[in-house]
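Right, one structure below, let's go through it.
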Amino acid sequence: MAAWSMANSPTGDSATERLVRILDTFTPTRTVQTATEIGRRSGLPSSTAHRIVNELVTTGLLERDEERRVRIGMRLWELSTRSSQALRLRQAAMPFMERVQSRVREHTQLAILEQDEALFLERLSSPESGSNITRVAGRLPLHASSSGLVLLAFGPPDLQERVLSSRLAPLTRATLSDPDAVRRKLAEVRKLGHAIAPGYIEEVSTGIAAPVRDETGRVIAALSVVLPRDAETDFAVLELHRASADIARSLGYHS
């Protein structure tokens, strides 16, 4: 039996918890690490981290390059995409995202709710697109991003209470960080059917997002664009509503 697959460590961590701590050290901007760096960032003893990394490399879930640095392996990617709801959503959304991006000519993004954050599945851009910090597989706070506000506004009440009772960190001077202000914004999003967030993430940009529904009518994603702060928003709003409705229809939703 592999050493990392034993049920619990002396500190009480389960095998799954140790595995997740290892994988969590990889980020959209930190894609390659040494085993020593993984051990330090995961908070695991160095010998334990090295042992788990070696086992994951053996199974193909991690890979080593010629300099013995470690990256996510193709085997893990293969397993994660099998029967993935996120993959089905992305495949359904891509043609309509491409249409939005070609017409609006700014960053076009698709996000889902994951662990009380907006997780971005895809982003389309062109060379002339403006500033945007979002990355594929990156995350943004729900209260601070247009996608997050959509996911929060149409999410269950317990999600809203959980998020609004936590610290709402401002990312810019325009970010809504007062719970009452966020509640008013969520009511506006539900009324309008989209969110406009000028300067919430970056002061030079405006995020606009619309909800995407599955076959049951439940909001499962947010489709968004990122415009320059002073850009006109009406055309982008119309394109997002049109595309989000088309994605929902392709997923089987009929209003």
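The values are calculated or read from the model by the stated rules, or taken from the named source; none is laboratory data. Only a predicted model underlies this, so the values are computations on that prediction, with no experimental measurement involved. Counting neighbours? That spans all protein chains shown, and the Cβs are built from the backbone with ideal geometry, glycine included. SASA here: full protein model, heavy atoms, side chains in, ligands and nucleic acids out. Shrake-Rupley method; radii C 1.70, N 1.55, O 1.52, S 1.80 Å.
For this structure, a couple of remarks:
- The residues in segment 192-216 that are open to solvent by 50 Å² or more (accessible area, probe 1.4 Å) and within 19 Å of Arg123 (Cβ to Cβ) can be counted, and the count is 1.
- Residues satisfying the stated conditions in segment 17-31, i.e. under 16 Å from Glu63 (Cα atoms) and more than 20 Å from the chain's Cα centre (by Cα): Leu19
- Within segment 1-24, residues that are over 20 Å from Ala35 (Cβ atoms) have Cβ atoms under 8 Å from residues that are modelled with pLDDT under 85 and open to solvent by 50 Å² or more (accessible area, probe 1.4 Å) in these pairs: Ser14/Ala7; Ser14/Asn8, counting only partners at least 6 apart in sequence or on another chain.
- Meets criteria (among the polar types (S, T, N, Q), closer than 16 Å to Ala137 by Cβ and out of contact with any strand residue (DSSP E or B) (no Cβ under 8 Å at 6 or more places or on another chain)) for Thr59: no
- So Ala197, is it in contact with a Leu (Cβ under 6 Å, 6 or more places away or on another chain) and assigned to a strand (DSSP E or B): no
- Scanning segment 219-246 for residues that are within 18 Å of the chain's Cα centre (by Cα) and either polar (S, T, N, Q) or over 14 Å from Gln101 (Cα atoms) (or both) gives Val219, Ile220, Ala221, Ala222, Ser224, Ser244.
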